[in-house]
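Here is the structure we will look at.
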Amino acid sequence: MIRSWTLAAIAGGLAALSSIGAMAADPLPTQTFKILPAALALEAAEAAIASCKGQGYNVAVAIVDRAGDLKLLLVGDGASALGRELSRRKAYTSAMRRITTADLAKQVATPGAFNPTLYDTQLVTAGGGVPIKAGNETIGGIGVGGAPGGDKDEACANAGLAKISDRLN
């Protein structure tokens, strides 16, 4: 009998001294960020395709969100299968690295520079990927593929972003 009273007293004392169940856990931290609406993504992609089409190039345009997940893939008439895949990877690269794919190519060309393409096989250094920014915040990426040269792809991507830039705030 004494033994059971002693165990009960010890257990009760430990429960009283511990904070188990006495305090609520701290709430998880929250994070807020801007997103690119689908309507703006479509408008930018259509403008990029129209810009390239006006120069005689058949391209594909991909737009990804801030995490690099595909939001939209718009394939122009006559665009190649390779352009479709490269446009997605260009958009992914620009969103993940937060710089243009042409700038990434310059960075990795420096002898001894860190080359992230060795560790993420979806990254590309072909020109044509541009980050989509709302102020200083990268909210996605746009990639164009199919024009004869990355500089032309990038110009079309910038034309697409110019179409919606006044609404990226």
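Could you tally the net charge around Asp151, taking each other residue with its Cβ under 15 Å from the Cβ of Asp151, Lys/Arg +1 and Asp/Glu -1?
Working: positive: Lys90, Lys106, Lys152; negative: Asp103, Asp153, Glu154.
Overall, the nearby charge balance is 0.
Taking R0 as 35 Å, what FRET efficiency do you get between Ala105 and Thr30 from their Cβ-Cβ distance, rounded to the nearest 0.05? Present the calculation step by step, with values, prior to reporting the outcome.
On the way: r = 37 Å, r/R0 = 1.05.
For Ala105 and Thr30, the calculated efficiency is 0.45.
Run down the lysines and flag those whose C-alpha is under 24 Å from the C-alpha of Lys53, throwing out any fewer than 8 positions away in its chain.
Partners found: Lys71, Lys90, Lys152, Lys163.
Just add up the charged neighbours of Asp65: K/R +1, D/E -1, any other residue whose Cβ is under 12 Å from the Cβ of Asp65. Intermediate values should be presented prior to the final figure.
Values: positive: Lys34, Arg66, Lys71; negative: Asp69.
Around Asp65, the surrounding residues sum to +2.
Mind checking which of Ala147, Ala159, Ala39 has the largest fluctuation in a GNM of the chain, springs on alpha carbons under 10 Å?
Sorting by GNM fluctuation, first place goes to Ala39.
For a quick check: with amide H placed at 1.01 Å from N, whose amide H comes under 5 Å from Ala134's, ignoring anything fewer than 5 positions away on the same chain?
Counting only residues 5 or more places away or on other chains, the set is Ile139.
Can you tally the net charge around Glu137? Count Lys and Arg as +1, Asp and Glu as -1, for every other residue whose Cβ sits under 9 Å from the Cβ of Glu137. Walk me through the intermediate numbers first.
Numbers: positive: Lys34, Arg66, Lys133; negative: none.
Residues close to Glu137 contribute a combined charge of +3.
Considering only protein heavy atoms, with the full assembly of protein chains and a 1.4 angstrom probe, order Phe114, Phe33 by accessible area, largest first. Don't jump to the answer; show the numbers that get you there.
Numbers: Phe114 130, Phe33 100 Å².
In descending accessible area the options line up as Phe114, Phe33.
So, with a 1.4 angstrom probe, what is the percent of accessible area on the chain that is carbon and sulfur?
On the way: 5770 of 9800 Å².
With neighbouring chains kept in place, the figure for the chain is 59 percent.
For the chain, find the longest principal axis of its Cα atoms and tell me its angle to the long axis of helix 150-164, 0 to 90°, nearest 10.
Approximately 70 degrees, to the nearest 10.
Under 20 Å from the Cα of Lys106, which aspartates and glutamates turn up, not counting those fewer than eight places away in the same chain?
Answer for Lys106, where 20 Å is the Cα cut-off: Asp120, Asp151, Asp153, Glu154, listed by chain and number.
Take the chain, connect every pair of alpha-carbon atoms lying under 10 Å apart with a spring to form a Gaussian network, then pick out the residue of Gly54, Gly128, Gly141 with the largest mean-square fluctuation.
Gly54
The values are calculated or read from the model by the stated rules, or taken from the named source; none is laboratory data. What you are looking at is a predicted structure, and each value in this text was computed from that prediction instead of being measured. Methodologically, a virtual Cβ is constructed for each residue, glycine included, from the backbone with ideal geometry; neighbour enumeration extends over all protein chains shown. Quick note on the areas: whole protein, heavy atoms, side chains included, nothing else; ligands and nucleic acids left out. Shrake-Rupley method; radii C 1.70, N 1.55, O 1.52, S 1.80 Å.
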